[in-house]
């Protein structure tokens, strides 16, 4: 029988752990899902990135930006190259991703230390709705396990802002960053700045 736990229930069992963010953005037309995770330290996502690339499954690409891990995967199911860490095998991966209404169900496999990542760190993140654990679930040591992590289905929105300041006042990057960090809806992910063409006839400086 499957055991279903909310992040609060996972935290009560194992503590808060280190996953600060776990978002799943969906593009159903392209059949893709992008997982955005943020960790308390750079070490775990560095290890995760290497192992997810090796394991394959439904994963297409893995990028690392400091403590932010960006995993792009296909909706569907794929075979894992899963086992003790080597050049050919990885110890963490996503076997399948399903869209169920407004929710995303991702099936994760983890071995040894990675079993704690998928069994405690990620399920305890407040962004997660709930996690389904198998009856024989064990983590840590030499154990291998799998879980289903259910998250809200999100859609990426990119907002571009043209130069808004004048020679007397203003800074467009400040306005843009405030909009992102203080917006009452959605989840702010990142802010980028584009340098204006220095040959443009109308510019601040």
- [ ] Sort out which residues of the range 1-25 are without any contact (Cβ under 8 Å) to a residue 12 or more places away in the chain and farther than 23 Å from residue 136 by Cβ, and write them in order of number.
- [x] 8
Task: Matching option when the condition is assigned to a strand (DSSP E or B), in contact (Cβ under 8 Å) with a residue 12 or more places away in the chain, under 18 Å from the mean Cα position of the chain (by Cα) and farther than 22 Å from residue 17 by Cβ, among 94, 99 - done: 99
- [ ] Kindly provide the set of residues from the range 172-197 that are assigned to a loop (DSSP other than H, G, I, E, B), at pLDDT below 90 and either assigned by TED's automatic domain parsing to the domain that holds residue 25 or surrounded by 12 or more Cβ atoms within 10 Å (Cβ to Cβ) (or both), ordered by number.
- [x] 196
Open item on the list: Given the criteria in the same structural domain as residue 133 (by TED's automatic domain parsing), surrounded by fewer than 14 Cβ atoms within 10 Å (Cβ to Cβ) and under 25 Å from residue 187 (Cα atoms), does residue 98 qualify?
Closed with: no
Task: Which listed residue, of 95, 81, is modelled with pLDDT under 95 and touching a strand residue (DSSP E or B) at 6+ places or on another chain (Cβ under 6 Å) - done: 81
Open item on the list: I'd like to verify a number: residues in the range 126-170 that are closer than 16 Å to residue 37 by Cβ and either crowded, with 16+ Cβ neighbours inside 10 Å or in contact with a strand residue (DSSP E or B) (Cβ under 7 Å, 6 or more places away or on another chain) (or both), how many?
Closed with: 11
Open item on the list: Quick test of your reading of the structure: residue 46 fulfils all but one of (1) more than 12 Å from the chain's Cα centre (by Cα); (2) in contact (Cβ under 8 Å) with a residue 24 or more places away in the chain. Name the failing condition by number.
Closed with: (2)
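Conditions tested, residue by residue: (1) in contact with a helix residue (DSSP H, G or I) (Cβ under 9 Å, 6 or more places away or on another chain); (2) part of a helix (DSSP H, G or I).
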| position | (1), (2) |
| --- | --- |
| 20 | no, no |
| 49 | no, yes |
| 62 | yes, no |
| 87 | yes, no |
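Yes or no, residue by residue, for (1) touching a helix residue (DSSP H, G or I) at 6+ places or on another chain (Cβ under 7 Å); (2) in contact (Cβ under 8 Å) with a residue 24 or more places away in the chain:
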| position | (1), (2) |
| --- | --- |
| 127 | no, yes |
| 132 | no, yes |
| 136 | no, no |
| 140 | yes, yes |
| 143 | yes, yes |
| 146 | no, yes |
| 153 | no, yes |
| 161 | yes, no |
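The values are calculated or read from the model by the stated rules, or taken from the named source; none is laboratory data. Since this is a predicted model, take the numbers as computed values, not measurements. Heads up, the Cβs are rebuilt from the backbone with ideal geometry, glycines too, and the neighbour counts pull from every protein chain shown.
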